[in-house]
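This report refers to the structure that appears directly beneath it.
The values are calculated or read from the model by the stated rules, or taken from the named source; none is laboratory data. Just so it is clear, the structure is predicted and the values come from calculations on it, not from any experiment. Neighbour counts are summed over all protein chains in view; Cβ atoms, including those assigned to glycine, are modelled from backbone coordinates with ideal geometry. The protein model used for the area step is the full one, side chains on, heavy atoms only, and it has no ligands, DNA or RNA in it. Shrake-Rupley method; radii C 1.70, N 1.55, O 1.52, S 1.80 Å.
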Amino acid sequence: MIGTDVFTVEPWSVTERELHLELLGQTESIFALSNGHIGLRANLDEGEPSGSPGTFLNSFYEVRPLPYAESAYGNPEAGQTMINVTNGKVFRLLVDDEPFDVRYGKLMRHERRLDLRDGVLRREVEWVSPAGQTVHVHSTRLVSFSHRSVAAILYEVEPVGAPARIGVQSELVANEPIPAAEGDPRAAAALKAPLVSEHHGHHDLRVGLVHRTRQSGLMMAAGMDHIVEGPEGTVTAMESEADLGRLTVSTELKPGEKLRIVKFLAYGWSSQRSLPSLRDQVELALASARRTGWEGLLRTQREYLADVWERVAFELDGDPALEQALRFALFHVVQAAARAELRAIPAKGLTGSGYDGHTFWDTEAYTLPVLTFVSPHAARDALLWRHSTMNLAEARARELGLAGAAFPWRTIRGQECSGYWPAGTAAFHINAAVADAVRRYLNATGDEEFERGPGLEMLVATARLWRSLGHHDAHGGFRIDGVTGPDEYTALIDNNVYTNLMAARNMRVAAELAVRHPQRAAELGIDAEEIASWRDAASAIVIPSDPDMGITPQCEGFTRLRRWNFEQTPREHYPLLLHYHNYVLYSSQVVKQADLVMALYLCGEHFSDEQKARDFNYYERITVRDSSLSAAIQGVVAAEVGHLELAWDYLSETALIDLRDLAFNTRDGVHLAALAGAWHVVVAGFGGARDHVSTLSFAPRLPPRITRLQFGIRLRGRRIRIEVHADHAVYELVEGEPLEIVHYGEALAVARGAPQVKALPPPPSWPVPSQPPGRAPTFGQAETPALREAMHGS
């Protein structure tokens, strides 16, 4: 874990006051910058030491084989791995013949600050060389939101106390060595020298490199240009070769003089365009960046984020550290998608190579709800990317003997890349997540063009999948058998409640839209009989029950499985998947992550308040949270059923998962869905927001340690601000036409200039549930009061 003393608590930045070499991998992820198209890990400017180098282009990948001990029909034959591309972050500094390296000489000061409002990473260093010369080094790094293909770095060097001979090499380097993959199956596969040189060249202070991948057939171009300012006598030289472009700057500085280098970086890639086309794209991007200038890029960066934070409107009174963590979380979610534009949103964003850079169901289930209500254009782009892969999903469905489209469990380009059926393709619920993201986006935006086009097509394709995957039994019930729900410790089961309820909603919404757009429905080959079959299946969906226990089984027969002996499970055996065979896990009542509890959240209209409380209590005692996705969902439902302190603990866990490295793998990249999950706990948990129907409803309630909570939502062109206090809530329309919402079942009309103030009823009171031994929330009951106070910054 990362200690509480590593980052200072500040409202709008995350600052590391001194360098922690043992945490380089983690801080490279935490301080990573991205715009959804380009991602730069926060490697030190000088390139080493490093935890893991990282420069990523969204969806730029290499193909690798998926080996099987025994082959089987339908197994994917190839995987896809996001690769580390040409690195333009490197500045090598020579001070009087001594190379600047933080491991040598004396580091008097070292500070890095991620500025959440400026969208930059700043670094301040004061270093004394082994020969005794002191220099001050300042760098500022950004990945532009306004110029999709551009990143830029300001690098400044100034001697302290005495003149110094200064040499700087600004590099563009391909095929950097990267660390080998670890034994944990979640770690990314490492590829050695994946790029083959196609072209290199330089002129003036500009250099360009073009490479292709060996197997996937993708081509990329990278370029850098510079503005160099130094005293008279400063000299520069450029060179390039197959895997390296380099600017060398040499000067002599007196105290008070400064060498200032602005470095512009540009990237482009394609599977179809020619080498000249990519080379020229990068040249034009560099020209545009140079024309805009460093100050212009900084200004547009601030303007972009100012608009984002105005829409988010997030404030939390009572815990400064958690408020900081929540803003950090939202920053990463926003930057992961800002300019992705018809590309996937990987599980780690572009902050690390974890999970091979794949996207999973959590993009639609966790990340897109945030974007839908904060940056709807980014949610639209992500859904359009899914739509662009429909031909591959339809081909996969045909391969499986099914109708419609079967979207992949994990992928970069759209092909299925999961080599393990039970926890891969069998998790068909990803298709429901895609459909529900479409439904949510349409309800939140009223985007009629999207509804008639890509939205209807995806809803129809997924409805057809469910209709062919399930069947009506002898009693008329519609069953979906042999699937895996969100809980990957209970695989290949029948009638998973979450899957069935989401599939039923999918089919109902598809039928509704097909009726609303008869001409488009006819073009898609939909007739009245097919619409009726969807409605029949949805109304007859099988939802298991256990009347004797009074709880909802996660799937058929779940409550008859053997009970897991949590008392005899050593703490070091978590996560369980690394220490126990799948047979033992699959045949036991042990839950990896929220499954039935996720149904209580996303399909809550199907459960009474009492049923929710009983179900939450039952599953809380057997859920081990071996997935970072779980805490947020447990936090949302905990808040709904009145366990507000527990919800707060789960919020702390999911919001701080990377700032505290709670999963011990932040070095592989941030946990984007878990960070998005923090928004869910705030907005859906303490804000009580639900969108089960077209009218957005709220049922807010706060834990005692929060005195005030504020957040914003965009809805059908309006902007709403919700402010929650201990005993009342204020609903204010900031922008747009009047709108109807629901507060605890009461319809409200909100209009500009007329905030609605509503009292809050007391929360329900149920017995506080327990968790498996050793699996209480990280900042929950298992921690000492002193540690809890320190962690919460209170």
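For the structure I just gave you, tell me whether ALA699 is without any contact (Cβ under 8 Å) to a residue 60 or more places away in the chain and either over 30 Å from GLU22 (Cα atoms) or buried (at least 24 other Cβ atoms within 10 Å of the Cβ) (or both). Walk me through how you get there before you give the answer.
Values: without any contact (Cβ under 8 Å) to a residue 60 or more places away in the chain: yes; either over 30 Å from GLU22 (Cα atoms) or buried (at least 24 other Cβ atoms within 10 Å of the Cβ) (or both): yes.
Yes, satisfied.
Which members of region 55-65 meet the condition of being in contact with a strand residue (DSSP E or B) (Cβ under 7 Å, 6 or more places away or on another chain) and not in a strand (DSSP E or B)? Steps first, please.
Taking region 55-65 as the starting set, the residues that turn out to be in contact with a strand residue (DSSP E or B) (Cβ under 7 Å, 6 or more places away or on another chain) are 55-57, 60-65.
Hit for region 55-65 is PHE60, nothing else.
Can you tell me which residue within region 558-573, out of those that are surrounded by 14 or more Cβ atoms within 10 Å (Cβ to Cβ) and part of a loop (DSSP other than H, G, I, E, B), is farthest from the chain's Cα centre (by Cα)?
Of all residues in region 558-573, those surrounded by 14 or more Cβ atoms within 10 Å (Cβ to Cβ) come to 558-559, 561, 564, 566, 569.
Now narrow it down to the ones that are part of a loop (DSSP other than H, G, I, E, B): 561, 564, 569.
On the way: LEU561: 34, TRP564: 32, THR569: 31 Å.
In this case the residue turns out to be LEU561.
Working only within region 105-150, note down all residues that are open to solvent by 20 Å² or more (accessible area, probe 1.4 Å), without any contact (Cβ under 8 Å) to a residue 60 or more places away in the chain and hydrophobic (A, V, I, L, M, F, W, C).
MET108, VAL128, ALA131
Can you name the residue in region 664-692 that is open to solvent by 10 Å² or more (accessible area, probe 1.4 Å) and more than 26 Å from HIS643 (Cβ to Cβ) and, of all such residues, is farthest from the chain's Cα centre (by Cα)?
PHE664
Across region 241-255, what is the total count of residues that are open to solvent by 30 Å² or more (accessible area, probe 1.4 Å) and either over 18 Å from GLU158 (Cα atoms) or free of Cβ contacts under 8 Å to residues at least 12 places away in the same chain (or both)? Steps first, answer last, please.
Keep residues of region 241-255 that are open to solvent by 30 Å² or more (accessible area, probe 1.4 Å), which gives 241-243, 246, 248, 250, 252, 254-255.
Okay, now just the ones that are also either over 18 Å from GLU158 (Cα atoms) or free of Cβ contacts under 8 Å to residues at least 12 places away in the same chain (or both), so 241-243, 246.
The number of residues fulfilling the criteria is 4.
A quick yes/no check of all residues on (1) farther than 22 Å from SER29 by Cα; (2) hydroxyl-bearing (Ser, Thr, Tyr); (3) assigned to a helix (DSSP H, G or I):
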| residue | (1), (2), (3) |
| --- | --- |
| GLU303 | yes, no, yes |
| LEU330 | no, no, yes |
| ARG339 | no, no, no |
| LYS348 | no, no, no |
| THR351 | no, yes, no |
| THR367 | no, yes, yes |
| ALA382 | yes, no, yes |
| TRP385 | yes, no, yes |
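Being assigned to a strand (DSSP E or B), touching a Leu at 6+ places or on another chain (Cβ under 8 Å) and within 19 Å of HIS377 (Cα to Cα) is the filter here; which residues of region 705-735 pass it?
ILE713, LEU715, ARG718, ARG719, ILE720
List, please: which pairs have Cβ atoms under 7 Å, are six or more places apart or on different chains, and start with a residue in region 607-626 that is at positive phi and at pLDDT 95 or above and end with one that is crowded, with 20+ Cβ neighbours inside 10 Å and not charged (D, E, K, R)?
Taking only residues 6 or more apart or on different chains, the pairs are ARG625/GLN593; ARG625/ALA631.
Restricting to region 261-280, name every residue that is touching a residue at least 12 places away in the same chain (Cβ under 8 Å), part of a helix (DSSP H, G or I) and open to solvent by 60 Å² or more (accessible area, probe 1.4 Å).
ARG279
Pairs needed: first member in region 391-409, over 10 Å from THR462 (Cα atoms); second member anywhere, open to solvent by 10 Å² or more (accessible area, probe 1.4 Å) and among the charged types (D, E, K, R); C-beta distance under 8 Å; at least 6 residues apart or different chains.
These pairs meet every condition: LEU392/ARG413; ARG396/GLU416; PRO408/ARG396; PRO408/GLU416; TRP409/GLU416.
Say whether the condition of being of a type in the set (Val, Ile, Thr) and over 12 Å from the mean Cα position of the chain (by Cα) is met by at least one residue in region 362-379. Steps first, please.
Let us first name the residues in region 362-379 that are of a type in the set (Val, Ile, Thr), namely 363, 367, 370, 372, 374.
So of that shortlist, the ones also over 12 Å from the mean Cα position of the chain (by Cα) come out as 372, 374.
There is at least one residue in region 362-379 that is of a type in the set (Val, Ile, Thr) and over 12 Å from the mean Cα position of the chain (by Cα).
ARG165 - would you say it is over 25 Å from ASN84 (Cβ atoms), among the basic types (Lys, Arg) and in a strand (DSSP E or B)? Don't jump to the end; show me each part of the working.
Details: over 25 Å from ASN84 (Cβ atoms): yes; among the basic types (Lys, Arg): yes; in a strand (DSSP E or B): yes.
Yes; evaluated as a whole, the condition is true for this residue.
Among the residues of region 34-59, which ones are closer than 21 Å to LEU662 by Cα and open to solvent by less than 10 Å² (accessible area, probe 1.4 Å)?
ARG41, ALA42
I'd like the residue in region 538-557 that is without any contact (Cβ under 8 Å) to a residue 40 or more places away in the chain and farther than 29 Å from THR462 by Cβ and, out of all such residues, is most open to solvent (accessible area, probe 1.4 Å).
This residue is ASP548.
What pairs come up if the first residue lies in region 61-74 and is open to solvent by 60 Å² or more (accessible area, probe 1.4 Å), the second is among the small types (Gly, Ala, Ser), and their beta carbons are under 9 Å apart, counting only those six or more places apart or on different chains?
PRO65/ALA78; PRO65/GLY79; PRO67/GLY419; TYR68/GLY419
Mind listing whichever residues of region 56-106 are among the charged types (D, E, K, R), in contact with a helix residue (DSSP H, G or I) (Cβ under 9 Å, 6 or more places away or on another chain) and farther than 18 Å from SER418 by Cα?
Let us first name the residues in region 56-106 that are among the charged types (D, E, K, R), namely 62, 64, 70, 77, 89, 92, 96-98, 101, 103, 106.
Next, only the ones that are in contact with a helix residue (DSSP H, G or I) (Cβ under 9 Å, 6 or more places away or on another chain) stay: 64, 103.
Within region 56-106, ARG103 is the sole residue that qualifies.
Among the listed residues GLU310, GLU283, which satisfies the condition of being more than 17 Å from ASP115 (Cα to Cα), in contact with a strand residue (DSSP E or B) (Cβ under 8 Å, 6 or more places away or on another chain) and surrounded by fewer than 20 Cβ atoms within 10 Å (Cβ to Cβ)?
Working: GLU310 fails: more than 17 Å from ASP115 (Cα to Cα).
Unique residue meeting the criteria: GLU283.
Which number in (1) in a loop (DSSP other than H, G, I, E, B); (2) surrounded by fewer than 24 Cβ atoms within 10 Å (Cβ to Cβ); (3) not small (Gly, Ala, Ser) marks the one condition that PHE407 misses?
Tallying (1) in a loop (DSSP other than H, G, I, E, B); (2) surrounded by fewer than 24 Cβ atoms within 10 Å (Cβ to Cβ); (3) not small (Gly, Ala, Ser), PHE407 fails exactly one: (2).
If we keep just the residues of region 391-404 that are surrounded by fewer than 20 Cβ atoms within 10 Å (Cβ to Cβ) and assigned to a helix (DSSP H, G or I), which is nearest to the chain's Cα centre (by Cα)?
Restricting to residues being surrounded by fewer than 20 Cβ atoms within 10 Å (Cβ to Cβ) and assigned to a helix (DSSP H, G or I), the top hit is LEU392.
Which condition does LEU191 not pass, out of (1) open to solvent by less than 30 Å² (accessible area, probe 1.4 Å); (2) at pLDDT below 95, if it passes all the others?
The number of the failed condition is (1).
Restricting to region 336-382, count the residues that are open to solvent by 10 Å² or more (accessible area, probe 1.4 Å) and over 19 Å from THR411 (Cβ atoms).
5
Being outside any loop (DSSP other than H, G, I, E, B), aliphatic (A, V, I, L, M) and without any contact (Cβ under 8 Å) to a residue 24 or more places away in the chain, is that true of even one residue in region 187-200? Working first, answer last.
In the first step, residues of region 187-200 are kept if they are outside any loop (DSSP other than H, G, I, E, B); the result is 195-200.
Filter again for aliphatic (A, V, I, L, M), leaving 195-196.
Then keep just the ones that are without any contact (Cβ under 8 Å) to a residue 24 or more places away in the chain; that gives 196.
Yes - at least one qualifying residue is present in region 187-200.
If we only count strands (runs of 3 or more DSSP E) wholly inside region 69-119, which ones have 1 or more residues that are closer than 29 Å to ARG410 by Cβ?
Values: elements: 78-82, 91-95, 106-115.
In region 69-119, 78-82, 106-115 are the strands (runs of 3 or more DSSP E) which contain 1 or more residues that are closer than 29 Å to ARG410 by Cβ.
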